[in-house]
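The values are calculated or read from the model by the stated rules, or taken from the named source; none is laboratory data. Quick caveat: nothing in here was measured; it's all calculated off a predicted structure. We place every Cβ from the backbone using ideal geometry, glycine too, and count neighbours over all the protein chains shown. Keep in mind that these areas ignore ligands, DNA and RNA; they rest on the heavy atoms of the full protein, side chains included. Shrake-Rupley method; radii C 1.70, N 1.55, O 1.52, S 1.80 Å.
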Amino acid sequence: MFWRVAVVFLVKIIQSFIQKVVNWEEAKTRGYLAIIILLVMGTDLILTTISVERLHISTKRWDERLNTRIRIDEGRFNQRFDKLVGSLS
């Protein structure tokens, strides 16, 4: 029952309002506004893709640095532990 009412509401009220806005835009700007919006969204897509790729590269570098640091610290810990065990024997 709810979905029937919701669909009728969408079709009768919301869709007619959106159609009026689209018709007004086409009459006033002859479709140029839609092209401008498309260009802005396309540019945003490209810039976001580049930004995400840079972030991925940056996090990869940090991961490599941290893994290297962990290996160095682990080696130092093992050496100290071996010395401690040797001194106790």
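Here are the numbers for the structure shown:
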item: Flag if residue 57 is assigned to a helix (DSSP H, G or I) and either touching a Cys at 6+ places or on another chain (Cβ under 8 Å) or open to solvent by 80 Å² or more (accessible area, probe 1.4 Å) (or both); result: no
item: Candidate set from segment 68-89 (those that are among the small types (Gly, Ala, Ser) and either in contact with an Asp or Glu (Cβ under 8 Å, 6 or more places away or on another chain) or part of a helix (DSSP H, G or I) (or both)); member that is least open to solvent (accessible area, probe 1.4 Å); result: 75
item: Selected residue [open to solvent by 90 Å² or more (accessible area, probe 1.4 Å) and more than 32 Å from the chain's Cα centre (by Cα)] from 41, 1; result: 1
item: Single match in 33, 39 (criterion: touching a helix residue (DSSP H, G or I) at 6+ places or on another chain (Cβ under 8 Å) and assigned to a helix (DSSP H, G or I)); result: 33
item: Neighbours by Cβ (under 6 Å, 6+ apart or cross-chain): first from segment 52-64, without any contact (Cβ under 8 Å) to a residue 40 or more places away in the chain; second surrounded by fewer than 10 Cβ atoms within 10 Å (Cβ to Cβ) and outside any helix (DSSP H, G or I); result: none
